[in-house]
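The values are calculated or read from the model by the stated rules, or taken from the named source; none is laboratory data. Being a predicted model, the structure only gives us computed values, none of them experimental. Cβ placement follows ideal geometry from the backbone for every residue including glycine, while neighbour counts extend to all protein chains displayed. Only protein heavy atoms, including side chains, enter the accessible area calculation; ligands, DNA and RNA are left aside. Shrake-Rupley method; radii C 1.70, N 1.55, O 1.52, S 1.80 Å.
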Amino acid sequence: MNSAAIMVRGLNVFYQQYQALHHIDIDIESNKVTALIGPSGCGKSTFLRSLNRLNELIEGTRTEGQVVIDGVDIYAEDTDVVKLRKQVGIVFQKPSAFPMSIYDNVAYGPRIHGVNKRMVLDEIVEKSLKQANLWEEVKDRLHASALRLSGGQQQRLVIARVLSVNPAIILMDEPASALDPISASKLEDLIAELKTTYTIVIVTHNMQQAARVSDATAFFLNGHLIEYQPTEKLFVHPRDKRTEDYITGRFG
Amino acid sequence: MKETLIEKLLFFSALVSILAIILIIIFICSQGIPLVARVGIKNFLFSTTWDPANGQFGIATMLVGSLLVTIGALIWGVPLGMALSIFLAEIASPRVAGIMTSMVELLAGIPSVVYGFFGLAVIVPFIREYIGGPGFSALAGAIILGIMILPTIVNIACDAIKAVPREYTEGSLALGATRWQTISRIVLPAARSGIIAAIVLGMGRAIGETMAVVMVTGNVTRIPGSIVEPVRTMTSNVVLEMGYASGDHQLALFATGMVLFIFIVILNLVVTASLKAGE
Ligand SMILES: Nc1ncnc2c1ncn2[C@@H]1O[C@H](COP(=O)(O)OP(=O)(O)OP(=O)(O)O)[C@@H](O)[C@H]1O
Ligand SMILES: [Mg+2]
């Protein structure tokens, strides 16, 4: 496990008094897809958002423990949150392109980080859209509003937006759940391509999807990490009775 | 049976309010239009001589007065209102935001005569003392109106900013944008149409305000040489002379009201158009 991209130790997250995550220890490997599964409300999103410190945008949250990325504890006092979030991108469930052109959506990240040269931006936009498998569909209308894209296209646009700032890790919170089956399968193909370059952590409610796209799977229940195994093992020979119950659909 | 009765009642009340508005419009126009026709529209709008005793009805000085006071109010009321809205919607903790919001709402509840009195007692002497002129001035009106339009601007702009989907804000912050970058590049553009509506409605409030303005602007029918000189607005003109006017003079006041009304209608059309464009 020396290739851990993210090392989590003793992570507790609280919303006001309510403890949403209990002492999570996990090593997430680089250039792999790690799936997070578990019933609704078990803390998957909370965990995901703790990896780039998005939880702290919500009033009254508190985090304890360590999350080590690239050798540094991201919750240390002197952590540069801007740099961290550049390094760890996130894609949410609801496809939400910004209300601006396709081009400006992708150029947004580089621009806020100080890239202004038209030529450089053009290059980044093209490269990111190509990586997100969206270039062919939009190259003739880069300056049209992004809100006119379909849900699946918007989701890939959001991924291009994340890729534009050169992250090492991409977090995805149920990225396919609002998409039709064809868009969803395109997204899965994309994830498979991206993992050669990026470390991906994906939350999904869809067991087949988890089994298809991921290398390792973590099962959460009531804020606890119950089981974490290579995906085939977890789905074929779960160690814990609760995992088995969940993946066979006996609860959740 | 009961349903249809309620429906009819509601329909009837809607009808009554629409009828009332139409009647007011017809009344004002029926009084105003003949006079404007007689004086000539160009003369009425662009002549600077308002001398009812000698049949001279030019409202140019008041058009200038209204615009000056209103624009002055916007120049400082809009930035202040926007800053306050951004602070309340994006930055303040819920507790602070709650307290400040109720204070802004309180501002809306203060009668305009009280604003006027404040202007008379504080702002007018201050201008006379430290800036110059008689104190009664376009500037005094603009300062008072700038405060009075704050609640209108803040209420609407704040709602517009809060209505920006959380996904936009989080998406931007998650890319490593700072709070301020997120506000200026994502939130404000996304709330643009609501913000325009807030400004235009604030403008409508300013242009239509009467009491406070009468009390602090000096009400002289002359084109002012500077903002510290007195002005008379269209609203002031109506309220100051309505008591004793008769004949053509009275009609000319209705015509002034008509011009004011047209201004407000245009502003409302701008709001509707900008809200539509935002959809
Ligand atoms: N902003 C919040 N304030 C208070 N409690 C919250 C907040 N967000 C989440 N929670 C609580 O924390 C727990 C974990 O929530 P979380 O969103 O992480 O679950 P999840 O596993 O992602 O669920 P789902 O599958 O429905 O998305 C839940 O019990 C939820 O009610
Ligand atoms: Mg969730």
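Label separation (residue B:272 vs residue B:1): 4.0 nm, computed from points 7 Å beyond Cα along the C-beta direction.
Taking every residue in B:98-105 and counting other chain Cβ atoms within 10 Å of its Cβ, the average works out to 0.
Taking every pair of distinct Cα atoms and averaging 1/r, then inverting, what Kirkwood hydrodynamic radius in Å comes out for the protein assembly as shown? 27.7 Å is the Kirkwood radius here. Size of the stretch A:63-110 from its Cα atoms: along the principal axes, largest to smallest, the extents are 39, 23, 16 Å. When the charge dipole of chain A is built from unit charges on Cβ atoms (+1 for Lys and Arg, -1 for Asp and Glu) and taken about the Cα centre, the candidate among A:82, A:69, A:229 whose Cα reaches farthest toward its positive end is A:82. Counts of other chain beta carbons within 10 angstrom of each beta carbon in peptide B:175-187 average 5. Per residue, the accessible area of chain A comes to 45 Å², computed with a 1.4 Å probe over protein heavy atoms only. Sorted into 5 angstrom bins from 0, the C-alpha pair distances of chain A split as 1, 6, 13, 17, 19, 16, 13, 8, 4, 1, 0, 0 percent. With both residues required to sit in chain A, DSSP beta bridges show an antiparallel share near 60%.
For residue A:23, the shell of other residues with beta-carbons less than 11 Å away shows a net charge of -1, using +1 for Lys and Arg and -1 for Asp and Glu.
For residue A:21, the residues whose modelled amide H falls within less than 5 Å of its own, excluding neighbours fewer than 5 places apart on the same chain, are A:13.
Only Cα pairs under 8 Å and 6+ residues apart enter the sum, and on that basis the relative contact order of the stretch A:4-247 stands at 28 percent. If you add up the charges near residue A:66, with Lys and Arg at +1 and Asp and Glu at -1, over every other residue whose beta carbon is less than 15 angstrom from its beta carbon, what do you get? In short, -4. Expressed as a whole percent, the accessible area of the protein assembly as shown that falls on carbon and sulfur atoms is 61 (1.4 Å probe).
Using a probe of 1.4 Å, the accessible surface attributed to residue A:246 totals some 20 Å² when neighbouring protein chains are kept in position.
Here's how it looks for residue A:221: its modeled amide H is under 5 Å from those of A:226, which are all 5 or more places away or on a different chain.
Here the simple spin-label model places points 7 Å from the Cα toward Cβ, and for residue B:222 and residue B:11 these points are separated by 6.0 nm. Take residue A:196: with every protein chain present and a 1.4 Å probe, its accessible area is about 100 Å².
Provide a whole-number value for the mean count of partner chain Cβ atoms within 10 Å of the Cβ atoms in peptide B:164-171.
Details: counts 1, 4, 4, 8, 4, 1, 7, 13.
Across B:164-171, the average partner-chain Cβ count within 10 Å equals 5.
For the stretch B:145-155, 3J(HN,Hα) computed residue by residue from phi via the Karplus equation (6.51, -1.76, 1.60; θ = phi - 60°) reads 5, x, 6, 5, 8, 3, x, 4, 5, 5, 3 Hz, glycine and proline entered as x. Stokes-Einstein, applied to the Kirkwood radius of the stretch B:174-219 over Cα pairs at a viscosity of 1.567 mPa s and 4 °C, places its translational diffusion at 97 µm² s⁻¹. Spatial offset of the stretch A:1-73 relative to the stretch B:184-205 amounts to 38 Å, using the alpha carbon center of each.
Pairwise Cα distances in chain B exceed 31 Å in 41 percent of cases.
Taking amide H positions as modeled 1.01 Å from N, with prolines and chain starts lacking one, the residues under 5 Å from residue B:222 and 5 or more places away or on another chain are B:232. For the stretch A:47-94, a reduction of at least 50 Å² in accessible area between the chain on its own and the assembled protein chains (probe 1.4 Å) is found at A:57, A:85, A:92.
Given contacts defined as C-alpha pairs under 8 Å and at least six residues apart, what's the relative contact order of the stretch A:1-75, whole-number percent?
39
Buried accessible surface for the B/A pair, both sides summed and rounded to the nearest 100, is 1800 Å² with a 1.4 Å probe. For the pair residue B:129 and residue B:23, the difference between a 0.36 nm per residue extended length and the Cα-Cα distance amounts to 33.4 nm.
Normalising the average separation of contacting C-alpha pairs (under 8 angstrom, six or more residues apart) by the number of residues puts the relative contact order of chain B at 27 percent.
Of all beta bridges that DSSP places with both ends in the protein assembly as shown, some 60 percent have antiparallel geometry.
Ligands, DNA and RNA are left out, and with a 1.4 angstrom probe the accessible area of the stretch B:61-234 is 41 Å² per residue.
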